[in-house]
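Data first, discussion second: the structure below is written as structure tokens.
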Amino acid sequence: MMRHLTVPADIRDGFPTGDLSGFRSPVTRILLASDGLTTVLLQALTQSALTPQVDGIETTQGQQVEATARELLRLATGDVCLVRRTRLVSRTGEVVSANIVTAQAGQDARIDAAMQDRTRPIGFAFAAAGLPMNRHVSRIGLTSWPQAPDTPCAFKAYTLNAGDRPWAYIHELFSPRIVPPGMRAEPGMRTEAAAAGERA
């Protein structure tokens with residue numbers, strides 16, 4: 001059963017932008033490093049078209065969104081935002097990724113329309129609207145996979161920018177079956193086993 005995506009996510013480990021060396025899988029490192037459409041890479045990995053299942057599109061005040069999104073989007077107290085929660089699902093019904101997208105409402109009609117497009121993955125909707133797609137990754141790391149909260153998954157959080165102005169914040173979580181979250185056991189690195197021992 002898919003649990004409702006929460007904001008903020010339960011971050012277990014966050015790594016500096018570009019620090020991908022801790023992940024064992026080259027697939028994971030490539031996906032997290034990519035500045036292109038994530039959906040295209042996920043479709044190549046799964047050899048399947050991916051369909052969005054939109055769990056919710058909410059209108060909310062800027063001060064109520066995730067702190068990171070609020071800071072990066074430079075939201076004022078009175079700003080109104082759209083928050084979209086979506087899963088990408090393969091032809092077989094497997095959830096491949098889950099994302100939370102935050103954008104200020106009312107600043108561009110194209111953004112508002114794309115955020116409410118339930119027929120396409122959000123990146124495709126933004127691209128079809130002709131919006132600037134320059135990405136800046138703010139965080140990568142491990143968090144809890146919503147379908148199995150005790151299971152870690154890799155995540156990437158980034159902004160989409162027009163010049164130096166961020167206009168959307170995207171937080172993507174990747175299925176641990178498709179995008180392996182395993183970490184290298186290097187000296188000084190906090191492994192999942194060690195983390196489990198600390199929580200016991």
Checklist line | Spin-label model distance (nm) - T59 vs N161, 7 Å beyond Cα toward Cβ | finding: 3.0 nm
Check: Mind checking the dipole of region 51-138: about its Cα centre, +1 per Lys or Arg Cβ, -1 per Asp or Glu Cβ, Debye to the nearest 20?
Finding: 240 debye
Next item on the list: Using a 1.4 angstrom probe on the protein heavy atoms only, line up D79, D35 by accessible area, largest first.
Entry: D35, D79
Checklist line | Protection proxy ranking of 175-183, 162-170 - average other beta-carbon atoms within 10 Å, highest first | finding: 175-183, 162-170
Item checked: Long-range amide H partners of F23 with built H, under 5 Å -> R184
Check: Taking every pair of alpha-carbon atoms in region 35-148, what share in percent sits in each 10 Å bin, from 0 to the bin with the longest distance?
Finding: 13, 42, 37, 8, 0
Check: Residue farthest toward the positive end of the dipole of region 69-183, with Cβ of Lys/Arg at +1 and Asp/Glu at -1: which of H171, T92, G130?
Finding: T92
Notebook entry, point to check: Got a sec? What order do E58, E94, E66, E71 fall in by accessible area at 1.4 Å, biggest, i.e. largest, first?
Noted result: E71, E58, E94, E66
Notebook entry, point to check: R0 = 25 Å: FRET efficiency of T77 with T151, Cβ-based, nearest 0.05?
Noted result: 0.10
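With only Lys, Arg, Asp and Glu charged, each at its Cβ (+1 for the first two, -1 for the last two), find how big the charge dipole of region 28-186 is about the Cα centre; round to the nearest 20 debye. It would help to have the intermediate numbers written out before the result.
Values: 16 positive and 14 negative charges, 61 e Å.
In total the dipole reaches around 300 debye.
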Checklist line | Heavy atoms of V80: accessible area, 1.4 Å probe, square angstrom to 10 | finding: 50 Å²
Next item on the list: Count neighbours as other Cβ atoms within 10 Å of each site's Cβ, and list the trypsin sites (Lys or Arg not before Pro) in region 23-77 that are DSSP loop with at most 16 such neighbours.
Entry: R24, R74
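The values are calculated or read from the model by the stated rules, or taken from the named source; none is laboratory data. Here the structure is a predicted model, which is why all the values come from computation and not from measurement. All Cβ positions, even for glycine, are placed from backbone atoms using ideal geometry, and neighbour counts span all protein chains on display. When the accessible area is computed, the model is the full protein with side chains, heavy atoms only, and any ligands, DNA or RNA have been set aside. Shrake-Rupley method; radii C 1.70, N 1.55, O 1.52, S 1.80 Å.
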